[in-house]
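**Q** Okay, handing you the structure first.
The values are calculated or read from the model by the stated rules, or taken from the named source; none is laboratory data. From a predicted model like this one, the values you see are computed outputs, not experimental measurements. All Cβ positions, even for glycine, are placed from backbone atoms using ideal geometry, and neighbour counts span all protein chains on display. Ligands, DNA and RNA are stripped out before the accessible areas are found, and what is left, the full protein with its side chains, is counted by its heavy atoms. Shrake-Rupley method; radii C 1.70, N 1.55, O 1.52, S 1.80 Å.
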Amino acid sequence: MSEILLQAKQISKHFGGVTALDKVDLTIKKGEIHCLMGENGCGKSTLIKIISGFYRPDGGSITFEGKEYERLSIAESIGLGIQVIYQDMSIFPNLTVAENIAINNELYNHRKLVNWKSVKSIAKEALDHIGIELPLQAVVGELSVADKQLIAIARAILNNSKLIIMDEPTSALTRKEVDKLFKVIRQLQKEGISTLFVSHKLDEVFEIADQFTVFRNGKLVVADSAKNINDEQFVYYMTGRKLEEAAFTPEKIDHDRAILKVENLGLTNGFEKISFEIHPGEILGITGLLGSGRTELAKTLFGLYSATEGHIYIDGTEVRIKTPMDAIRHKIAYVPEDRLTEGLFLTQSIENNMIVSNIDRLRTAKKMVDYEKGHQDSLSWVKNLGIKLNELSDGIQTLSGGNQQKVVLGKWLETEPRVLILNGPTVGVDIAAKFDIHAYLRTLAEKMNLAILLISDDISEVLNNCNRILIIKNGRIVSEHVNTELDPHKLQELVTGGKEETA
Amino acid sequence: MEKKKTFDVKSLLKISSNNKKLLGMLILVIIVLSIATGGSFAKIGQFQLIAYLFPEMGVLALGMMLAMVSGGIDLTVIAVADLAGILSCLLMKAIMPADASMPVQILVLLVTLAFALLIGAVCGLFTGTLIARVGVPAMVATLGASDIILGIAVGITNGSSIKELPSILYRVVNFELFGLIPGTTIVFIICAALVAFLLNKTATGFKIYMIGSNATASEYSGSDNKKILTLTYMISGMLSAVSGLLMCGHFNSARSDFGKSYLTPAILICVLAGVNPNGGVGKVSGIVLAVIILQSLSSGFAMFPSISDYYKNLIWGLVLIGIMIINVVTATRKKKS
Amino acid sequence: MKGRNLLKKNEFYITVIIIVLACIIQVISGQFFTSNNLVDLLRSMIVPGMMAAGLFMVIVSGNIDVSFPYTAMLCMFAVTKWFSVIDYQGPVFLAFLIAGVIGMVLGLLNGVLAAWLKLPTLIITLGTCTIFLGITQGVLQSSVISVLPVPMAKMVTTNLFSVVNGETGLGSSMPVSILFLVAIYLIVGFIMKYTMLGRGIYAVGGDPVAAERAGFNVSFIRIFVFTFMGAIGGITGITQVTVSGMCQINFFDGYEMTIIAAVVLGGANIAGGSGSVIGTFLGVLLMKMISNNLILLGIPTNWSKFMTGILIIAGVSMSAYKSVLAKRRIASNILENGHKEEA
Amino acid sequence: GGSSTETASTENAATENADETTASGGGYTIATVVKDMSDPWALRHEEGVKEYAAETGNNCYAKGPAKTDSAEQIQVIEQLISQDIDALCVVPIDPEACTPVLQKARDKGIVVITHEAEGFEACDYDLEAFNNKEYGEAMMDELAKAMNYEGKYVTMVAFLSSVSHNDWMDAAVAHQKEAYPNMELIPEERLECEDNMNMAYEKAKEIIKKYPDIKGFLGASSYDPPGAAKAIDELGMTGQIFAVGTGVASVSGPYLESGSNPCVLCWDPALSGKAMCQLAVMVLNGEKDKIQTGLDLGIDGYNSVNVNGTDISGNAILVINKDNMSEYKF
Ligand SMILES: Nc1ncnc2c1ncn2[C@@H]1O[C@H](COP(=O)(O)OP(=O)(O)OP(=O)(O)O)[C@@H](O)[C@H]1O
Ligand SMILES: Nc1ncnc2c1ncn2[C@@H]1O[C@H](COP(=O)(O)OP(=O)(O)OP(=O)(O)O)[C@@H](O)[C@H]1O
Ligand SMILES: [Mg+2]
Ligand SMILES: [Mg+2]
């Protein structure tokens, strides 16, 4: 167990003026499960990309199984037995499941020709290894995010890997799938394979990790055994401050008045007989397994799908929502699930990203856009939400995930919504930013009397921030609960359907 | 109020780096050509000719730019110009009374212009619908639509020209303000100003940029992508129609094959102007500079009897590739520093 | 299950359209299903079909090439001219080889620029194609060559077989170059389906970043598809000469657009990542059936451009709209999943 | 051995250094604008211009668009007239569209001579190798002869928008209706083959399938007769169907031999290019009064021109067939 597999020494990396990594060290032993932690933009992904050969380091060296390298190429790294599951999974949407799984293996073996039989058997074997079943011939683009994640994992464990690096592998997984993944990781450990694991979720780290390393602003903060540390210390290491969150129990909810009321809402193939209401000042949580119809429900409320049956009422009057424009007209806002493709305009400035939803309201009497007002509005949201940036005219890519998410939130708040729907608002967002976002949501509910619908599979997020929680399963609401009557364990059980297999 | 004005002036004076590059290039082109021609390029007549000729292509390039900023491309510009020219000239001939007085003639011309714009808008509506609602990729949609539109033009004229146009169109296009500024230039300035206004001052313009950056996020942000995209192609169609009328005025006739070699230069102008072919980026000021550079080069080459027009193609291609290489090299250098 | 898969396939729809169109032409003119017409149809597919096979690869890799007609033109003139000047008498094979090599070099230029600049290849190849045109006209001073070098002239009259329609007395013969067409489709089909390179082309078209991370050499793949297209362009240039018996500068006018349309009609996604070689062949077939039968269908000549446009748009719209509708539906049935689990 | 059109035509130019009247003055700058510099026809025209320059010492050169596009051609003309030129010889793609710019040239005092634009007004003189109507009729006569004065035929042009092509065909069809009542124009009437031999070939094939009893193709573009002839040969209809029309020996040669292309008609653009320059010099020299019917420009086919107002036509129709094709090396 004590033999060192990989040692990164004094690694530095600069992007233009930004120092992404400043002389950091990382040591991984054989068969170890190692957690790499830190806030958004602290350099975790960058280090991973250096180890995988995607980036060339500006300084330092990497030692793998006793051999020292100035830098690794992608091919070298794969050849050494290093496999990476990237944050965005790097999966081919146009290819089949079987090919996606087997392709690395074929490349690694320098195959020139494709043997379709072996592709299928390799894929089947890999899926069996981690105990999942997926249609081998299905085109991956048509599968859910979780399935894609599982495919990426299945792909990585092939090739007699020695080190598997997972950059936030659980951000799109449900608890049940996380358990499955952990089981796989432990099994790999038994086989002597090390895992480097990046996550923002503390509970997962405690559950799985032997060792951990924390970065802050591109510098190494601490590296130690997971046994020697507790929650609070962890948060402090990562953020440099102390953060605590208490359950949300709003005082003044106007129970007679529902801002949003949904009655027997249904969507072909998506969900059916969904009924609930949200009152001003309330944060209603919806949780359930991935693929349970939560996202479809949110999208339907926002007009991205149009409901095939049922009724939606705003302030007691029935409304028809067929397009996002309808939704916005009725003061509904939607913070989408996938920030990069659905939320942000990556080639545009921060300011343009902030004013985009409100552009029609920025028009003056002469029908011109009042960009000056847009600028002022944006500035005030930057202040209110605590977005860290240099200039509003900078590109949005210069922001970290958490700050980008705050921009998306700010964009919607600028439209003065009455109903705010958030779908996984803190996926991949670091603890500090997550804390800020949660605090702000509570303020919105309490002070601004917004009706907030929070969709998430982060159990503690839902539990801490929602005063009522709906559990959705297979497109139907199965139960409704008040947060005070639940604890994390109970909620977990409810979501996974009671009988949870032990990991 | 006061504050706003200074804000505007400042933004006017602020020249983007791309425009600086273009401006430098324009000056270089003029100096080199003047020296090479022994000074005969640097004559007022030459510049007047350039000013007279560039708008036909310039107005087409404006339409092309809109499509490119929205993340697409419009290969129908020339077909639309020809069809609009033909149909509106037919109309003008039909409604122009014999011995019409000046005001009546101008009225008829305005009606003709409106009709041409209508034709352009209808063509744009067709391609825009294909792209935005039917989901056909812009390149393929405008490719096919171009055949259809040009096909109509050929079909109704049988390929022959519409001649003996009322003289008013010719006179307006060839009019010179203060005996100096050609009418075509004035038309171009109006079109460029309108497009600049659209892109920089209106919500629609803002949304065109946003759709070009990320169409999905744009839809999720509540913009009516379908409407905006359709509108973009309609405006592009209207600009093409204006260019069509300019050609009809220039040639004092209308036909289905005017300007068929203007397509590549129109795209070249956009790329030269810094319009991002992936969408989301592009400025009218860049187009203005780029089209003038191109026309100057073209006029310059014409002054050397030994440079055949074949080489013009060669040079266009080299300029296009050269510009892209320079852009990429400077971008990577910027990143490094 | 199998039946459902068939219905999902684009090839199935094109085949249906082709059959329907063939029947319509047959009913109107009585001339479609005649031996000479079918040979003519295949014959007219040789050059566009070869180009489409190359372009299919380029499109699957997520790129586009509009310069290949100009590559073909340049190679056609360069080789024919050169052989005329040296009064070449050797085997005709060398003409194809040299043209293929010149085409490869031109394609390589496209590929290197595409891999390096990472800009839309429509624009890059639009630039290079005007350069190629400029070279052909300016440097090579080409316009028409009517007297071919002997080996090439010989090939014009060498046919694989000839058919004569007993009823009308019309005959038609199949040039040897049909073998190139067959060979190129077999090669492209094999590369795309059975080699890692081919899978890499699909992978790059699906997600270039993921492909790079998986260990594909993305730049190499980009360069390869363009170089391959260039080689095919060069070879088709000579093929065209040996079919037509002369060189003319406007032989390939408008080919870039027609062939892109054919490949897209054949079901390839213009954004890259999907498409099949059989679909491409069917796309070219459909395209040629449309353009070569307008007169038989009785479309007045001055409306033929219009009709071609309408048919292209109709074909492309159908497959585009299908995917728009598919996007609006939910892929996996959430509700049904539930019933299964409950059961 | 192989020889291309271009090499063939240079040979021709070399042999033809004959009896030219040297124009006096010699210091004029005369620009010629052709339709399409990528067309051998235009290159041949340019040869004549260069030859004229060499013979007379005038500064004569040819320019033109790289593709047949009238807007481009007019840009070329606009740019030329902004320079110091004395005369402009133009072969307009679209005479109508060229009117304004050529009028502008004349207003600036530039002498304008046009070609292939019969009846054109914005010029000092329009010089035709022949009268368009006569040319069309001559083509029809040849076709009728080949078809034995009966049967179906179709006409072909480069573009439905090519003015002179359509004029010739209109004249030919009118002549047929009058003179050859047993011949019949099929309903398709006019095919558009874009100056592209392949296209002419494919369209001809299709026509033959649709009208198995067709007997004639009358082509206005020099690529139409050989294209159609190739289709005829391939379909095995040689001797039963005939293609006649504009053509040059170098391209139509094989089909003149095979008989599917009994004859082609044309004129030598090098000679007309020369004649235009000669005419321009005469006007510049103030010899307008000499330009009258019967004038001898000293160039083959223009030894006794017909002058009708500003329309001048020579007598330069060439009819090329199997027997005399060796005499025409372009
Ligand atoms: N391609 C790049 N170009 C420029 N700067 C970059 C690039 N990639 C990363 N950076 C910079 O490096 C820093 C570290 O980024 P990195 O992606 O490693 O963070 P991370 O720890 O993975 O964050 P997250 O938790 O959001 O995934 C960031 O602040 C960013 O500014
Ligand atoms: N091309 C880039 N140029 C500049 N900065 C970049 C670039 N790509 C990434 N970054 C920066 O790297 C940091 C981390 O980015 P990364 O994509 O790894 O994670 P993220 O966007 O924070 O996602 P998540 O929220 O899932 O962790 C961010 O601060 C981002 O701004
Ligand atoms: Mg990261
Ligand atoms: Mg992250």
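**Q** Would you check which residues across the stretch D:78-116 are more than 8 Å from every other protein chain (Cβ to nearest Cβ), touching a Pro at 6+ places or on another chain (Cβ under 9 Å) and not in a strand (DSSP E or B) and list them?
**A** D:91, D:93, D:102, D:116
**Q** Right, something else. Give the stretch A:380-420 a look and list any residue that's more than 14 Å from chain B (Cβ to nearest Cβ), within 16 Å of ligand 4 (Cβ to nearest atom) and part of a helix (DSSP H, G or I), or say none.
**A** A:401, A:402, A:403, A:406
**Q** So for the stretch A:246-254 (the condition being within 14 Å of another protein chain (Cβ to nearest Cβ), outside any strand (DSSP E or B) and open to solvent by 70 Å² or more (accessible area, probe 1.4 Å)), does at least one residue qualify?
**A** Scanning the stretch A:246-254 turns up no residue that is within 14 Å of another protein chain (Cβ to nearest Cβ), outside any strand (DSSP E or B) and open to solvent by 70 Å² or more (accessible area, probe 1.4 Å).
**Q** Output the residues belonging to the stretch D:184-228 that are closer than 13 Å to residue D:147 by Cβ and open to solvent by 10 Å² or more (accessible area, probe 1.4 Å).
**A** Within the stretch D:184-228, D:184, D:185, D:213, D:215 meet the criteria.
**Q** Only one of (1) within 27 Å of residue D:235 (Cα to Cα); (2) in contact with a helix residue (DSSP H, G or I) (Cβ under 9 Å, 6 or more places away or on another chain) fails for residue C:77. Which number is that?
**A** (1)
**Q** Hey, another quick one. When the residues of the stretch B:302-337 are filtered to those that are at pLDDT below 75 and under 22 Å from residue B:273 (Cα atoms), which remaining residue is farthest from the chain's Cα centre (by Cα)?
**A** Going through the qualifying residues, I end up with B:335.
**Q** Please verify whether the stretch A:458-479 includes one or more residues that are under 22 Å from the mean Cα position of the chain (by Cα) and within 16 Å of ligand 4 (Cβ to nearest atom).
**A** Yes; the residues of the stretch A:458-479 include at least one that is under 22 Å from the mean Cα position of the chain (by Cα) and within 16 Å of ligand 4 (Cβ to nearest atom).
**Q** If you don't mind, another one. What are the residues in the stretch A:1-40 that are touching a Leu at 6+ places or on another chain (Cβ under 8 Å) and near ligand 2 (Cβ under 10 Å from one of its atoms), if any?
**A** The answer is none; no residue qualifies.
**Q** Just one of A:85, A:51, A:78, A:33 is under 19 Å from residue A:152 (Cα atoms), more than 16 Å from ligand 4 (Cβ to nearest atom) and modelled with pLDDT under 90; which is it?
**A** Matching residue, one of A:85, A:51, A:78, A:33: A:78.
**Q** What single numbered condition from (1) crowded, with 20+ Cβ neighbours inside 10 Å; (2) away from every other protein chain (no Cβ under 14 Å); (3) away from ligand 3 (no atom under 16 Å from the Cβ); (4) closer than 22 Å to residue A:297 by Cα fails to hold for residue A:423?
**A** Of the numbered conditions (1) crowded, with 20+ Cβ neighbours inside 10 Å; (2) away from every other protein chain (no Cβ under 14 Å); (3) away from ligand 3 (no atom under 16 Å from the Cβ); (4) closer than 22 Å to residue A:297 by Cα, the odd one out for residue A:423 is (2).
**Q** When you look at residue A:53, is it under 28 Å from residue C:217 (Cα atoms), in contact (Cβ under 8 Å) with a residue 40 or more places away in the chain and open to solvent by less than 20 Å² (accessible area, probe 1.4 Å), yes or no?
**A** Taking the combined requirement at face value, the residue does not satisfy it.
**Q** If you take the residues of the stretch A:201-218 that are open to solvent by 20 Å² or more (accessible area, probe 1.4 Å) and within 16 Å of ligand 2 (Cβ to nearest atom), which of them is farthest from residue A:30 (Cα to Cα)?
**A** Restricting to residues being open to solvent by 20 Å² or more (accessible area, probe 1.4 Å) and within 16 Å of ligand 2 (Cβ to nearest atom), the top hit is A:217.
**Q** Scanning the stretch A:368-412 for residues that are of a type in the set (Lys, Arg) and open to solvent by less than 40 Å² (accessible area, probe 1.4 Å), which turns out farthest from ligand 3 (Cβ to nearest atom)?
**A** A:411
**Q** Give all pairs with beta carbons closer than 7 Å in which a residue from the stretch A:303-316 that is touching a residue at least 12 places away in the same chain (Cβ under 8 Å) meets a residue that is in a loop (DSSP other than H, G, I, E, B) and surrounded by fewer than 17 Cβ atoms within 10 Å (Cβ to Cβ); count only pairs at least 6 apart in sequence or on separate chains.
**A** So the pair list comes out as A:303/A:322; A:306/A:322; A:308/A:268.
**Q** Go through the stretch A:146-180 and count every residue that is within 16 Å of ligand 2 (Cβ to nearest atom) and within 12 Å of chain C (Cβ to nearest Cβ).
**A** Residues flagged as within 16 Å of ligand 2 (Cβ to nearest atom) and within 12 Å of chain C (Cβ to nearest Cβ) within the stretch A:146-180 amount to 5.
**Q** Among (1) assigned to a helix (DSSP H, G or I); (2) free of Cβ contacts under 8 Å to residues at least 24 places away in the same chain, where does residue A:149 come up short?
**A** (2)
**Q** Please note which strands (runs of 3 or more DSSP E) are completely contained in the stretch A:15-110 and include at least 1 residues that are of a type in the set (A, V, I, L, M, F, W, C) and away from ligand 3 (no atom under 16 Å from the Cβ).
**A** The qualifying strands (runs of 3 or more DSSP E) are A:18-29, A:33-37, A:59-64, A:82-85.
**Q** Also, I was wondering about something else. Confirm whether residue C:190 is assigned to a helix (DSSP H, G or I), open to solvent by 20 Å² or more (accessible area, probe 1.4 Å), among the aromatic types (Phe, Trp, Tyr) and touching a residue at least 40 places away in the same chain (Cβ under 8 Å).
**A** no
**Q** Test residue A:91 against the stated conditions and say whether it is out of contact with any strand residue (DSSP E or B) (no Cβ under 7 Å at 6 or more places or on another chain), over 30 Å from residue A:4 (Cα atoms) and surrounded by fewer than 23 Cβ atoms within 10 Å (Cβ to Cβ).
**A** Criteria not met by residue A:91.
**Q** Then there's this: Regarding residue A:14, is this residue more than 8 Å from ligand 1 (Cβ to nearest atom) and within 14 Å of another protein chain (Cβ to nearest Cβ)?
**A** yes
**Q** Determine whether residue A:300 is open to solvent by 40 Å² or more (accessible area, probe 1.4 Å), outside any loop (DSSP other than H, G, I, E, B), closer than 26 Å to residue A:269 by Cβ and of a type in the set (Val, Ile, Thr).
**A** For residue A:300, the condition - open to solvent by 40 Å² or more (accessible area, probe 1.4 Å), outside any loop (DSSP other than H, G, I, E, B), closer than 26 Å to residue A:269 by Cβ and of a type in the set (Val, Ile, Thr) - is not met.
**Q** A further question follows. Test residue A:437 against the criterion of being under 19 Å from residue A:39 (Cα atoms), more than 16 Å from ligand 3 (Cβ to nearest atom) and either open to solvent by 40 Å² or more (accessible area, probe 1.4 Å) or more than 14 Å from chain C (Cβ to nearest Cβ) (or both), and give yes or no.
**A** So residue A:437 fits the description; yes.
**Q** Say whether the condition of being among the polar types (S, T, N, Q), buried (at least 16 other Cβ atoms within 10 Å of the Cβ) and closer than 23 Å to residue B:181 by Cβ is met by at least one residue in the stretch B:54-70.
**A** No, the stretch B:54-70 contains no residue that is among the polar types (S, T, N, Q), buried (at least 16 other Cβ atoms within 10 Å of the Cβ) and closer than 23 Å to residue B:181 by Cβ.
**Q** For residue A:61, work out the one condition from (1) open to solvent by 50 Å² or more (accessible area, probe 1.4 Å); (2) among the hydroxyl-bearing types (Ser, Thr, Tyr); (3) more than 12 Å from ligand 1 (Cβ to nearest atom) it doesn't fulfil.
**A** Failed condition: (1).
**Q** Can you tell me which of (1) within 14 Å of chain C (Cβ to nearest Cβ); (2) assigned to a loop (DSSP other than H, G, I, E, B); (3) of a type outside the set (Ser, Thr, Tyr); (4) surrounded by 19 or more Cβ atoms within 10 Å (Cβ to Cβ) is the one residue B:260 doesn't meet?
**A** Residue B:260 satisfies all of (1) within 14 Å of chain C (Cβ to nearest Cβ); (2) assigned to a loop (DSSP other than H, G, I, E, B); (3) of a type outside the set (Ser, Thr, Tyr); (4) surrounded by 19 or more Cβ atoms within 10 Å (Cβ to Cβ) except (4).
**Q** Hey, does the stretch A:195-202 have a residue that's away from ligand 3 (no atom under 16 Å from the Cβ), at negative phi, charged (D, E, K, R) and more than 14 Å from chain C (Cβ to nearest Cβ)?
**A** no
**Q** Could you count how many residues in the stretch D:313-330 are among the aliphatic types (A, V, I, L, M) and over 15 Å from the mean Cα position of the chain (by Cα)?
**A** Residues in the stretch D:313-330 being among the aliphatic types (A, V, I, L, M) and over 15 Å from the mean Cα position of the chain (by Cα): 1 in total.
**Q** Does the stretch B:33-41 contain at least one residue that is farther than 14 Å from residue B:300 by Cβ and open to solvent by less than 20 Å² (accessible area, probe 1.4 Å)?
**A** no
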